[in-house]
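The values are calculated or read from the model by the stated rules, or taken from the named source; none is laboratory data. What you see is a predicted model, and the numbers here were worked out from it, not measured in a lab. Glycine gets a Cβ as well: all are built from the backbone with ideal geometry, and neighbour counts include every protein chain shown. To get the accessible areas, we keep the full protein, side chains included, count just its heavy atoms, and leave off ligands, DNA and RNA. Shrake-Rupley method; radii C 1.70, N 1.55, O 1.52, S 1.80 Å.
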Amino acid sequence: MPTVLNTLVPPSQIGGPQAEWDNPMQFVLACVSYAVGLGNVWRFPYLCQMHGGGGFLIPYMLMLVLLGVPLFYMELAIGQKMRLGSIGAWRAISPYLGGVGLASVVTSMYLCLYYNVINAWSFWYLFHSFQSVLPWAKCPVNSNKTGPVEECERATPTQYFFYRETLDISGSIEENGGIHMGQALCLLLAWIIVYLFIVKGVKSTGKVVYFTATFPYLVLIIYLIRGVTLHGAINGVKYMFTPKMEQLAKPTTWINAATQIFFSLGLGFGSLIAFASYNQYNNNFEKQAIVVSMVNSSTSIFASIVTFSIYGFKATFNYESCLERVRLLLLNTFDLAEDTISLENVNHWIAELNRTHPEQFASLGSRLETCDLEAELDTAVEGTGLAFIVYSEAIKNMPVSQLWSVLYFIMLLLLGMGSMLGNVIAVITPLSDLKIISVLSYPVGLVCLFCLLLGLGFTTRSGNYWFTMFNDYGATFSLLFIVLIEVITVCYIYGIKRFEKDVEDMLGHRLNWYWKIMLAGVSPMLLITLFIFYIVNYIQGGTPTYQAWNKELGKSVVTEYPPYAQAFIGLLLASSVCCIPLTALYTYWKKRNLASGKRERTVSTVSA
């Protein structure tokens, strides 16, 4: 297939004036607000917990240097040079590569559809935080007023509030139901705010990011001060920084470190290209790429300290509650004085009573719980389970819990909204370049309305299962493929030397050895490894499964997706990736027909 490559042209030759950030700080804050998101709060701490605590920081920082920073740098360079969105930028490099930008737009659209649902949940929890007793602090009374609701008793109050009150979840993806009106209204509110943030383009977004990028750090600092002063917080912090070096021998530790770096920086969505397209032509994006990458990773570590202090408080609270139940059981069973057994000597008395009264001790059976602080700390939770269940459970046990609840969910909202700005701009900017939405009166409003209407499906009773499907399969595979094509295109189709000249034109100096080695060798090899690992892992995983809520058991159970859902997963995986070859084929066919038409006209003219 012939390639038609164009030299990257200056912005003055691309097509008219381009809106710009008021100053470089706005651009940096926009990138920070976009990159620092919910994953820093609920994904990174989970990976630390799963892969050896402080030991996980070793592969994490290596992958930041080898993969994250170079690719972040590359996308900023492309956006700033071309001053176009993802579709226009890649088409300018080669007409056959417009599908790379289109794939980014499709992936960002998928993210827009479900990501704002998380903000709707945050609004729901925030509104319910203004009560004298937090609604997830205790089980509601049943309709007969005879005791707590059975489903809540089988689960926990925090689980019941999330799955029943917030989601009103069905038993499986196959059980459909109506829209949860409360969630639908919260989703409407979330989209209205997103619309107001970006309605005036980069000028309004540039003002908003001053708040969305900085206020979460204020809340995290407040939470850190409160967290480390909680009883048992030190147990969680010790757990985080105690390395389990044996985890470094496992390939999954390194793969997860690379994946976390990749997605936390927001590579491949087109948002970074769109943001950089509003920079001045000679802006120092090199320094900004390093700063934003470091801020993002430092935030992950900082948020983990906060999270693990909360973990430590929750684990210690549960551990000591368990010890108290065992203490009361022993006192009542063996008719001992109240002050005989304390929390400090429970384990001693268990051993002593087992030795002196073996038959009576054996009669306790399953009523005697095993209390283990390490086991409590080992319980790894990520995603919505961490954000809306584990954190809520810890908050309800804090003094002045309403205050901490309000602060926490405002922080989640700002993190989510900051990322949403980048997601929507990644859709609108390239479509504007193609003149697809510029002819419409209210392009931003129409895009937001479209996403809102489709997003209402996530507020139905089975909506959370579809949310999980989009979250698991809507972006991972496609982003790996998109960024792999990007780096191969820049280094081996367009050429690293030509890219180097473009960088010199913007910054006044050429690429140093670090950028060359990473972009031309190390980063592509790591991306290929990640891509192969994802495919192999998906194939070996068998039939895709999800966590279905069983109200009879009061817990989630692993369930296989039905055939139609598996087909939809295949559609999610293929839809965005297919844009790349299909667009290339269409461009080839179009050029071929155009050339054929020219030849026919020439022949006709000569014959005449």
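Descriptive notes on the structure:
- Taking amide H atoms as placed 1.01 Å from N in the peptide plane, the amide H of Lys555 lies under 5 Å from those of Asn550, each 5 or more residues away in sequence or on another chain.
- Karplus-derived 3J(HN,Hα) values for segment 532-539, using 6.51 cos²θ - 1.76 cosθ + 1.60 with θ = phi - 60°, are 5, 4, 5, 5, 4, 5, 5, 5 Hz; glycine and proline are entered as x.
- By the rule of a C-alpha distance below 25 Å, with chain neighbours fewer than 8 residues away ignored, the lysines paired with Lys551 are Lys138, Lys145, Lys314, Lys396.
- To put it simply, the accessible area of segment 454-608 at a 1.4 Å probe is 64 percent carbon and sulfur.
- Heavy-atom accessible surface of segment 29-97: percent carbon and sulfur, 1.4 Å: 72 percent
- Hull volume per residue, based on the alpha-carbon atoms of segment 99-256 and their convex hull, is 255 Å³.
- Exposed trypsin sites (Lys or Arg not before Pro) absent: longest stretch of the chain, with sites in DSSP loops and at most 11 other Cβ within 10 Å deemed exposed: 146-434
- In order along segment 510-526, phi translates into HN-Hα couplings of 7, 4, 7, 4, 4, 5, 5, 5, 5, 6, 8, x, 5, 4, x, 5, 5 Hz, rounded to whole numbers, per the Karplus curve 6.51 cos²θ - 1.76 cosθ + 1.60 with θ = phi - 60° and x for Gly and Pro.
- Helix 215-228 vs. the chain, principal-axis angle (Cα, 0 to 90°, nearest 10): 30 degrees
- Computed with a 1.4 Å probe over protein heavy atoms only, the accessible surface of the chain comes to 43 Å² per residue.
- Distance between the 7 Å Cα→Cβ label points at Val400 and Phe130: 1.8 nm.
- The helix-only estimate of mean residue ellipticity at 222 nm for the chain, built from DSSP H runs of length n ≥ 4 each weighted as -39500 (n - 2.57), is -20500 deg cm²/dmol after division by the residue total.
- Each other residue within a Cβ distance under 13 Å of Phe262 adds +1 if Lys or Arg and -1 if Asp or Glu, for a net charge of -1.
- Angle between the chain longest axis and helix 24-35 axis [Cα atoms, degrees, rounded to 10]: 50 degrees
- Anchor Lys250: lysines whose Cα lies under 26 Å away (excluding residues fewer than 8 positions away in-chain): Lys238
- Taking packing as the residue-averaged number of other Cβ atoms within 10 angstrom, the listed peptides 568-575, 476-483 run from highest to lowest as 476-483, 568-575.
- In this simple spin-label approximation, Gln540 and Asp22 carry label points 7 Å from Cα along the Cα→Cβ vector, and these lie 5.3 nm apart.
- Taking the accessible area of segment 235-283, probe 1.4 Å, and keeping the other protein chains in place, the carbon and sulfur fraction comes to 61%.
- Label sites at Glu175 and Ile488, each approximated as a point 7 angstrom past Cα along Cα to Cβ, lie 4.6 nm apart.
- Evaluated at q = 0.07, 0.10, 0.11, 0.12 Å⁻¹, the base-10 log of the normalised Debye intensity for the chain, with identical point scatterers placed on the Cα atoms, takes the values -0.49, -0.92, -1.09, -1.28.
- Segment 204-223 and segment 58-137 have Cα centres lying 18 Å from one another.
- Potential lengthening between Met245 and Leu336 on full extension [0.36 nm per residue; Cα-Cα distance subtracted]: 28.2 nm
- Against the chain, whose longest principal axis comes from its Cα atoms, helix 476-488 is set at around 40 degrees.
- Placing a label point 7 Å from the Cα of His509 along the Cα-to-Cβ line, no residue of segment 76-119 has its backbone N under 12 Å from it.
- From phi via Karplus (6.51, -1.76, 1.60), per-residue ³J(HN,Hα) for segment 269-278 in Hz, x at Gly/Pro: 6, x, 5, 5, 4, 5, 4, 5, 5, 9
- For the chain, the relative contact order is 32 percent, taking Cα pairs closer than 8 Å that sit 6 or more residues apart in sequence and dividing their mean separation by the residue count.
- Cβ-derived FRET efficiency at R0 30 Å, Lys287 paired with Ile221, nearest 0.05: 0.75
- Segment 87-133 shape via C-alpha gyration tensor axes, a/c threshold 1.5: prolate
- Set of aspartates and glutamates with alpha-carbon distance to Lys516 below 14 Å, sequence-local pairs under 8 removed: Glu286, Glu500, Asp502, Glu504
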